[in-house]
Every structure is written in structure tokens, then in C-alpha cells.
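Written below as C-alpha cells is the structure these notes are about.
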Amino acid sequence: MQLVLKKVFTLLSITKTIIMKRTITPLVALCMMAATSFAQTTIVLQPGPADGKDAEIFSCVSCGYAGNNYGTKRDLNAIAWTKSGNNSNVRSLIQFDLSAIPSNAFINSATLSLYFNPTSEEGKHYCYPHSNSSYLERITSNWSETTVTWNNQPSTTTQNRVSLGGTTSSTQSFTNINVRQLIIDSRNNPSTSFGFMLRLQQEHKFKKLIFASSDNTTAAIRPKLTITYTVPAVVSSGHSMARLDEGQTFASISVFPNPVSGIATLQLPDDAGNGAVKIETFNMLGKLCNRIETYVNADGVINFDASALPQGVYVVKVFCNEKVYTQRIVIK
């Protein structure tokens, strides 16, 4: 009896080994790597007169301002006022050079700091009778610092614009404004992204926001953009991601429904944590088809919009808290 049982266990062991060898192909091995580390980098952009790009635009037509260029002003202001009895609004444009950030980088954080300009000829922040709250909006058409005016000002989008509350003091600086989503939008839409516009939410007199521009003589108060990003480590398996054996499944994350035709839910393991994540989707030829940046909630759940992907089989990679999780997904 013992000899029979020994032979049965031996046979089961051999069968299990054969199944594992047939199932864990190079693609599965790559997809089961759930802890690929990647380095974090922080860059600080605070350009001066030589390399900064910003300008003010003035609306007052009768004053002769609307057609004038103010690309060398030392201020970066948002104003609703009057000039000789005429309404005169001011908006500001600014663009940072993001070319130093690798194209495959994941933006962990991005903050903009605007500093009060104590030497401005416009005086100090002011609001009466209402708040001088403002917006930062992504500029969607090209502009030149040396030729931009109110009359030819670039277009903007309200998508993911940042709302800034009114000032609480007349000399307040606005530091560490969260512009992460605007930076992500800029990188995802490079042909329609040309910096930010600062404008009052309500351009009704009398309101002022007075900040320093990149042309300011005091370097410390020029606009500053701080970006922290990570670049995933290159995983080299020596094999192509060109095929997926029938019936393969990966246990790193759960996807439901799967197959999916619209919105899918990605469920990360309990130890994944929450916060910002990047999701990359590859087809079976290993081609990157989609890249998005979003957040995972405290339950480890991510809503994944698959509606733009053609029918087929894909591998989804989720980068979260210095780990990489993967799963196969079928689009129907």
C-alpha cells in the first residue's frame, strides 16, 4: 500500500512539474514580476530673464494696451481695475521647459510656487468687494513671449484647471500649488499644451494679484516649478511579448469584468497601498497602446477605461509605490 501511494505522489509531482513548465512561459515570468524598483528624481525649474517665458496681457483697448506686448514685465499679475474710467483687465502667461523629463516618466508630484513682488508698480494684492480668487488654466495654442498681446492671446481649456482661493494678506505668496494634473495633461497632449494662464475667476473691479515674473531682478521670487518623477527600471527578459498561450492567467491583480467593453475595475493586492499610479497597456506584439496616470483608493481599486482600445488581448501594467503589477485583459 505504501509503495502504491508513493508512486501516486511521484506521478502527481511529475504532472505538476510538466503543467508548470508549460504554463510559465517567458511572458508569464515577465508579468509575474511584481516588485520592480524604479528611481525617483526631483527637478526644480526657476528660470530667469534669459531662459524664462512669461508675459502679461492687458485688455484696455481705449488705453492702447490691448495691442501692446508686455513680455519683459517684472510682474506676473491678474488684475481687474480701471484706467481713465475704462475697465482694464490683466492676465498672465507662463511656460516651463519640460524637455528634461523622460517621455516614459511617471509624474509623482508637481507644484508651482508664485511669490509676491514687493517692488511692483501695481502695489499689493487687493480685493473689494469680492474675493480675488483665480484660475490656472492650461494654454492650448502656441504663443510668443515677444509678440503676445490681449488681442492675439492664446486659447485655454478649463479641463482640470486649478482653482486658487483669494488672498488672506496683501503680501501673500502662493507656494506649492498642486499642478500635477496640468503637467500630466501637458505631457499627454504636447501639441495643445503651451504652459499656464493665470486669470481672475471674476474679472470685476477691484481686484489684484501681484506676483514676480521670471524677469524679476530678485531670483528667489521668480516662478518655480518643482516636479518629482520616477522612471521604471528596464526589465530585460531576452524574450518578446509577442504571444500569449491559450488559457494563461496572471494572479498579480484582479480585473473585472474581463472580458470588458467599457470601464473595468482593477483590484490591487492588499500590500499595494494607495496613491498615484501609472497604467500602461500593451498589445501582444509588445507595443505600448495606452498610458494614463491616475489614483488608487484605500481599497486598492482603480477604474480603468478600456473603451478606446480595439478588440483584442492586452497586458496591463500598473506602477504603484515602487512596484509593478500586471494582468491580462481582453477587450471585446
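The values are calculated or read from the model by the stated rules, or taken from the named source; none is laboratory data. Computed from a predicted structure; not experimentally measured. Because the Cβ atoms are built from the backbone with ideal geometry, glycine has one as well, and the counts that use them run over all protein chains shown.
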Filtering region 281-300 down to residues that are among the hydrophobic types (A, V, I, L, M, F, W, C) and modelled with pLDDT under 85, which residue is surrounded by the fewest Cβ atoms within 10 Å (Cβ to Cβ)? 298
Tell me the residue from 330, 324, 313 that is part of a strand (DSSP E or B) and in contact with a Leu (Cβ under 9 Å, 6 or more places away or on another chain), please. 313
Residues that are assigned to a strand (DSSP E or B) and either closer than 17 Å to residue 137 by Cβ or modelled with pLDDT of 95 or more (or both), drawn from region 82-108: 89, 90, 91, 92, 93, 94, 95
Out of the residues in region 257-280 meeting the condition of being small (Gly, Ala, Ser) and in a loop (DSSP other than H, G, I, E, B), tell me which one is surrounded by the most Cβ atoms within 10 Å (Cβ to Cβ). 273
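The rows are residues; the columns are (1) touching a strand residue (DSSP E or B) at 6+ places or on another chain (Cβ under 6 Å); (2) basic (Lys, Arg); (3) at pLDDT below 95.
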| position | (1), (2), (3) |
| --- | --- |
| 132 | yes, no, no |
| 136 | yes, no, no |
| 156 | yes, no, no |
| 162 | yes, no, no |
| 169 | no, no, no |
| 173 | yes, no, no |
| 176 | yes, no, no |
| 181 | yes, no, yes |
| 194 | yes, no, no |
Would you point out the residue of region 61-115, among those that are under 19 Å from the mean Cα position of the chain (by Cα) and hydroxyl-bearing (Ser, Thr, Tyr), that is surrounded by the most Cβ atoms within 10 Å (Cβ to Cβ)? 113
Any residue in region 228-247 that is modelled with pLDDT of 95 or more and more than 24 Å from residue 59 (Cα to Cα)? no
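Rundown of residues vs (1) of a type outside the set (Ser, Thr, Tyr); (2) closer than 16 Å to residue 97 by Cα, yes/no style:
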position: 154; (1), (2): yes, no
position: 169; (1), (2): no, no
position: 172; (1), (2): yes, no
position: 178; (1), (2): yes, no
position: 186; (1), (2): no, yes
position: 193; (1), (2): no, yes
position: 199; (1), (2): yes, no
Take residue 210 and decide whether it is modelled with pLDDT of 95 or more and either outside any strand (DSSP E or B) or among the hydrophobic types (A, V, I, L, M, F, W, C) (or both). yes
For the list (1) touching a residue at least 40 places away in the same chain (Cβ under 8 Å); (2) among the hydrophobic types (A, V, I, L, M, F, W, C); (3) out of contact with any Asp or Glu (no Cβ under 9 Å at 6 or more places or on another chain), I need the number of the one condition that residue 63 fails. (1)
Taking region 185-224 and keeping only residues that are more than 19 Å from residue 44 (Cα to Cα), of a type in the set (Lys, Arg) and surrounded by fewer than 24 Cβ atoms within 10 Å (Cβ to Cβ), one is left with 199, 205, 208
